[in-house]
Amino acid sequence: MTQRVYLVVLLLRLSLMCPLATGIFMDKLSSKKLCADDDCVYAISLARAEEDYNASDCRFINIRKGQLIYVYSKLVKEKDSGEFWAGSVYGEQYEDHMGTVGYFPSSLVSEQHIYQEANKTVPTT
């Protein structure tokens, strides 16, 4: 009985953390992205956050001014959409060193070092 209560509480907390868990449809940010490889696993560049950014939903990551971000893909801008990049950030605490991956506005960062050109166009899922 206690395990069921814990499971229900866990599922409820997960559904509050991310709208995807409750089945709410979220608009696609873009239908294509630019990557360095077909699987978008190699870093394109290293960027530094120029401003803080608080993620609007679970697809995005929080970034703090001065934080370094490894950029893995750049969404192709469509119609009224913003320009977003996908990358990973690393925190200052030991437990944060696993990295968090998600989207962030490209206008809030400056590229510090380009590792390779993002010349592969890949469809987003």
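Rank these residues by their accessible area, most exposed first, probe 1.4 Å: K120, K28.
K28, K120
Looking at the square roots a ≥ b ≥ c of the eigenvalues of the Cα gyration tensor of the stretch 24-123, which shape do they give, rounded for a/c under 1.5, prolate if a/b is larger than b/c, or oblate?
Numbers: a/c = 1.58, a/b = 1.20, b/c = 1.32.
It comes out oblate by the Cα gyration axes.
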Checklist line | Cα-Cα over 23 Å, subset of K28/K77; K32/K79; K28/K65; K28/K74 | finding: K28/K65
Checklist line | In Å², nearest 10: area of D38 left accessible to a 1.4 Å probe | finding: 100
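Given Cβ point charges of +1 (Lys, Arg) and -1 (Asp, Glu) and nothing else, what value in debye, to the nearest 20, does the dipole of the stretch 24-123 about its Cα centre take? If you can, show how the numbers build up before the last one.
Working: 11 positive and 16 negative charges, 53 e Å.
With Lys and Arg at +1 and Asp and Glu at -1, about 260 debye.
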Check: Local charge sum around A118 (other residues, Cβ-Cβ under 9 Å, Lys/Arg +1, Asp/Glu -1)?
Finding: +2
Next item on the list: Run the accessible area of the stretch 24-123 with a 1.4 Å probe and give the carbon-and-sulfur part as a rounded percent.
Entry: 48
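Suppose R0 equals 25 Å; then what is the FRET efficiency for Y42 and R64 from their Cβ-Cβ distance, rounded to the nearest 0.05? If you can, show how the numbers build up before the last one.
Details: r = 25 Å, r/R0 = 0.99.
That pair, Y42 with R64, gives E of 0.50.
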Check: Per residue, how much accessible area does the stretch 24-123 show when a 1.4 Å probe rolls over the protein heavy atoms, in square angstrom?
Finding: 63
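The values are calculated or read from the model by the stated rules, or taken from the named source; none is laboratory data. Just so it is clear, the model here is predicted, and its values are computed rather than measured. All Cβ positions, even for glycine, are placed from backbone atoms using ideal geometry, and neighbour counts span all protein chains on display. With ligands, DNA and RNA removed, areas are computed over all heavy atoms of the protein, side chains included. Shrake-Rupley method; radii C 1.70, N 1.55, O 1.52, S 1.80 Å.
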